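Right, one structure below, let's go through it.
The values are calculated or read from the model by the stated rules, or taken from the named source; none is laboratory data. No experiment lies behind these values; they were computed from the predicted model shown. Heads up, the Cβs are rebuilt from the backbone with ideal geometry, glycines too, and the neighbour counts pull from every protein chain shown.
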Amino acid sequence: MKIRGSNIVVTGCAGFIGSHLTDALLAMGNHVVGVDNLSAGRREFLEDAEGYPDFRFVQADLLNDDLRPIFKGADAVMHMAANPDVRSGAKDTLSHYKQNIEVTYRVLEAMKETGVKDILFPSTSTVYGEPTVIPTPEGYGPLVPISVYGATKLACEALICSYAYSFDMTGVIFRFANVVGTRSTHNVLHDFTNKLKADPKRLEILGSEPGTTKSYVHVEDCVRGMVIGAEYARNKVEMFNLGSNDRMSVKDIADTVTEVMGLRGVRYEWTGGVQGGRGWIGDVKNMLLSSDKLRSYSWEPTMNSSQAIKKAVREIVRSG
Ligand SMILES: NC(=O)c1ccc[n+]([C@@H]2O[C@H](COP(=O)([O-])OP(=O)(O)OC[C@H]3O[C@@H](n4cnc5c(N)ncnc54)[C@H](O)[C@@H]3O)[C@@H](O)[C@H]2O)c1
């Protein structure tokens, strides 16, 4: 995928990862059209991007608006928009179906109709469900997602593969570990810092001690990995896992958050969770991706999970 001096559409450009990706693409000399309906994204995340004459923001809804005028003339679409909230999937299955599957279908159809050939797609470790091989490589199967979110992202992957082979397109798919860093608005770090600001003596934690163990990657490493993977991708459809090389338990995260906030003697109150101690329905218990494929293309995360979490918590605390 050519991502220097190209015309690129970034959907979800005002979101957490999409806004960082937009900044990186502009710094690399691309012309970027950013699309977002601002349902979760924030215009202030585009402050840096709006300093570039090569950036144009379009407020549009990917589910309802005609995408063809926006996509016309683009070389690639980086489709970052989604409903990324795993937790909400057990209560609101329709939103995941519409915002993930239907929107991705509309994006692919608009690409087909306007002749845009390349798509980059952020998928997720949750497509693996609860794999028996950890660290999990890209070739692991069968893929048995346990959350509606994971299922819808897997369906999007499948749609992208089929369009690539049916309509002479190419797809680069990244399966991310949990991404943390500036401009994130919803994750365990926000949950903990918000609760501790309200009551610095106790912390309610979803699940049973020590909680799930997962891998975390900082958004700076994530975006650098996407750029490297996209540039090296040679096949019609290329899949890359993207995560750091270690895991942290929820208890480790709680310890890190309290330490960074300078709190002592915080009482952890575990809720017990659901389905044998999970934080919520569809919460995977153990996740660690093998990112050897991306690392073979000279990508290396600069931070492990603990360093990524520490940096992200400091960023959240600093931003108030
Ligand atoms: N954050 C993570 O840890 C993580 C992990 C794995 C995969 N992903 C994937 O990465 C992508 C970005 O995630 P994020 O954490 O930055 O999420 P985010 O919610 O911060 O960003 C998503 C953006 O898409 C926009 N959007 C949503 N629906 C839209 C629609 N119908 N029309 C136009 N805009 C719309 C939102 O306003 C938001 O700005 C998602 O596809 C997500 O599934 C994220």
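Scanning the stretch 81-89 for any residue that is more than 9 Å from the ligand (Cβ to nearest atom), of a type outside the set (Ser, Thr, Tyr), in contact with a helix residue (DSSP H, G or I) (Cβ under 6 Å, 6 or more places away or on another chain) and without any contact (Cβ under 8 Å) to a residue 40 or more places away in the chain turns up nothing. Criterion first (within 19 Å of the chain's Cα centre (by Cα), of a type in the set (Gly, Ala, Ser) and closer than 17 Å to ASN194 by Cα) does ALA312 satisfy it? So ALA312 fits the description; yes. Just the residues that are on the phi > 0 side of the Ramachandran plot and either buried (at least 18 other Cβ atoms within 10 Å of the Cβ) or part of a strand (DSSP E or B) (or both), please, taken from the stretch 154-185. Hits for the stretch 154-185 are GLY181, ARG183.
Among residues of the stretch 7-31 that are within 22 Å of LYS117 (Cα to Cα) and at pLDDT 95 or above, those with a Cβ under 7 angstrom from a residue that is more than 7 Å from the ligand (Cβ to nearest atom) and basic (Lys, Arg), sequence gap 6+ or separate chain, pair up as MET28/ARG4; GLY29/ARG4; ASN30/ARG4. Remark: SER291 matches the filter, which requires a residue to be touching a helix residue (DSSP H, G or I) at 6+ places or on another chain (Cβ under 9 Å) and over 12 Å from TYR216 (Cα atoms).
Can LYS251 be described as closer than 21 Å to ALA24 by Cβ, surrounded by fewer than 22 Cβ atoms within 10 Å (Cβ to Cβ) and not assigned by TED's automatic domain parsing to the domain that holds VAL133?
It is false that LYS251 is closer than 21 Å to ALA24 by Cβ, surrounded by fewer than 22 Cβ atoms within 10 Å (Cβ to Cβ) and not assigned by TED's automatic domain parsing to the domain that holds VAL133.
Is it true that LEU242 is out of contact with any His (no Cβ under 8 Å at 6 or more places or on another chain), surrounded by fewer than 20 Cβ atoms within 10 Å (Cβ to Cβ) and of a type in the set (A, V, I, L, M, F, W, C)? Judged against the criteria, LEU242 is not a match. On inspection, ALA151 fails the criterion of being surrounded by fewer than 17 Cβ atoms within 10 Å (Cβ to Cβ) and within 16 Å of the ligand (Cβ to nearest atom). Apart from one condition, ILE205 fits all of (1) more than 22 Å from the chain's Cα centre (by Cα); (2) at pLDDT below 95; the exception is (2).
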